[in-house]
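The values are calculated or read from the model by the stated rules, or taken from the named source; none is laboratory data. Small disclaimer: the values here were computed from a predicted structure and weren't measured. FYI the Cβ positions are ideal-geometry reconstructions off the backbone, even for glycines, and counts take in every protein chain you see. Ligands, DNA and RNA are excluded from the accessible area calculation, which covers all protein heavy atoms including side chains. Shrake-Rupley method; radii C 1.70, N 1.55, O 1.52, S 1.80 Å.
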Amino acid sequence: QVQLVESGGGSVQAGGSLRLSCAASGSIYCMAWFRQAPGKEREAVAAGADYAQSVEGRFTISRDYDKNTVYLQMNALKSEDTAMYYCAAKNSVPCSVRAPSSRFSYWGQGTQVTVSS
């Protein structure tokens with residue numbers, strides 16, 4: 001079992017930046033970020049080197065393999081980025097935003113991001 005612990009959420013004004021972190025208790029192949037806004041389905045935001053179209057050019061996913069940690073740098077935030085953000089991980093391919101969320105075996109508890117306009 002791999003445990004994931006997220007941190008770094010918060011409230012920010014539109015145009016601002018936040019960085020999320022997710023530390024895994026062990027090494028794992030694919031780490032990704034999902035988000036879920038109220039009344040909406042959970043969507044993949046970034047996985048591997050792949051991004052959802054809605055965040056491409058504004059968000060950057062990166063990993064520190066020594067620390068088993070994945071980061072999500074979020075710049076130029078918009079009100080529509082407001083959501084609960086979840087870290088997810090799996091050991092199977094592909095590591096992509098096109099991989100169904102059901103294929104991710106491990107999930108963090110979520111961290112809230114609120115962007116005010």
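Numbers for the structure displayed
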quantity: Average Cα contact separation per residue, the chain, under 8 Å, 6 or more apart, as relative contact order %; calculated: 37 percent
quantity: Carbon + sulfur, % of accessible area of the chain - ligands and nucleic acids excluded, 1.4 Å; calculated: 45 percent
quantity: Length-normalised contact order of the range 48-117 in % [C-alpha pairs under 8 Å, at least 6 apart]; calculated: 34 percent
quantity: Partners for residue 40 among lysines (Cα-Cα distance below 22 Å; same-chain residues under 8 apart left out); calculated: 78
quantity: Most positive-pole-ward Cα, 93, 48, 16, against dipole of the chain from beta carbon charges; calculated: 93
quantity: The chain, Cα convex hull volume normalised per residue, Å³; calculated: 89 Å³
quantity: For peptides 98-106, 2-10, sequence by mean Cβ density within 10 Å, most packed first; calculated: 2-10, 98-106
quantity: Solvent-accessible heavy-atom area per residue, rounded to whole Å², over the chain at 1.4 Å; calculated: 52 Å²
quantity: Label-to-label distance, nm, for residues given as residue 98 and residue 13 (7 Å Cα→Cβ offset); calculated: 4.0 nm
quantity: Rounded to the nearest 20 debye, dipole of the range 20-106 from Cβ charges on Lys, Arg, Asp, Glu; calculated: 140 debye
